[in-house]
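Structure, as structure tokens:
The values are calculated or read from the model by the stated rules, or taken from the named source; none is laboratory data. Predicted model only: the values in this text are computed from it and were never measured. FYI the Cβ positions are ideal-geometry reconstructions off the backbone, even for glycines, and counts take in every protein chain you see. Accessible surface areas use protein heavy atoms only, side chains included; no ligands, DNA or RNA. Shrake-Rupley method; radii C 1.70, N 1.55, O 1.52, S 1.80 Å.
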Amino acid sequence: MPKALLVTLTMLAVAVGTAATWASAGARTPASAVTPMGSMAGMKTQVTSPALATALSKARISTARYVTNLNAAKSAGYSIITKMIPDMGYHFLNGKITGFDPAKPPILVYEKTGTSYQLAALEWVFTAKPKTAPLPGARYGAFPAACHYADGTFVAAASQDACATTAPGSGAKFTFWHPNLITLHVWLWYPNPSGLYASMNPLVHPFNAG
């Protein structure tokens, strides 16, 4: 794994004090006891804390330029780390982003139809569950350790020693490995009846075919 990227992922986790993972789509553990939230049609509503409202507004302002413009996200430093994970999306990581800042998500989750992409969720990952929730009412998922490749292929692996130098099937170059991670999704740009922080979203199921 490139030293710079390893340091970036470690700093991101330590800065917020948590634990998280990336790997096979089927291994993803959905967040439990998610509290439905929302202001979007078809979603349950509840009183939202001022702190959460402020954080989400900052996140929307800072990521609006990426909603239907994946090239803008790529120009800003985001690159693919997973292809379509069913009921979730394609994940793009900016390895230069560290710490927790609602306006600077390290991972963008996109839905794809044809050649078009739409931003659906933001994501943060940690190496341990944060002692203090980074966002009010935060709920978490989990993803196992994995090898990642330049085309978005990822393969579950307990250690980097188990990573092939090229991706099975595609031959794409190995880029990095990470340990088990705790994940925090925020479905900011697509309604999710399972909750703002749910790992999976049944409403993006139609995009599973890519």
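Just one of (1) out of contact with any Gly (no Cβ under 6 Å at 6 or more places or on another chain); (2) in contact (Cβ under 8 Å) with a residue 40 or more places away in the chain fails for K96. It is (1). Within the set I61, I85, I81, the sole residue that is surrounded by 16 or more Cβ atoms within 10 Å (Cβ to Cβ) and farther than 15 Å from Y190 by Cβ turns out to be I81.
Residues in the stretch 169-189 that are among the aromatic types (F, W, Y) and not in a loop (DSSP other than H, G, I, E, B) were compared, and the one that is surrounded by the fewest Cβ atoms within 10 Å (Cβ to Cβ) is F174.
The residues in the stretch 117-151 that are open to solvent by 10 Å² or more (accessible area, probe 1.4 Å), closer than 22 Å to G77 by Cα and among the aromatic types (F, W, Y) can be counted, and the count is 1. Among the residues that make up the stretch 100-116, is at least one of them small (G, A, S) and open to solvent by less than 10 Å² (accessible area, probe 1.4 Å)? Within the stretch 100-116, none of the residues are small (G, A, S) and open to solvent by less than 10 Å² (accessible area, probe 1.4 Å).
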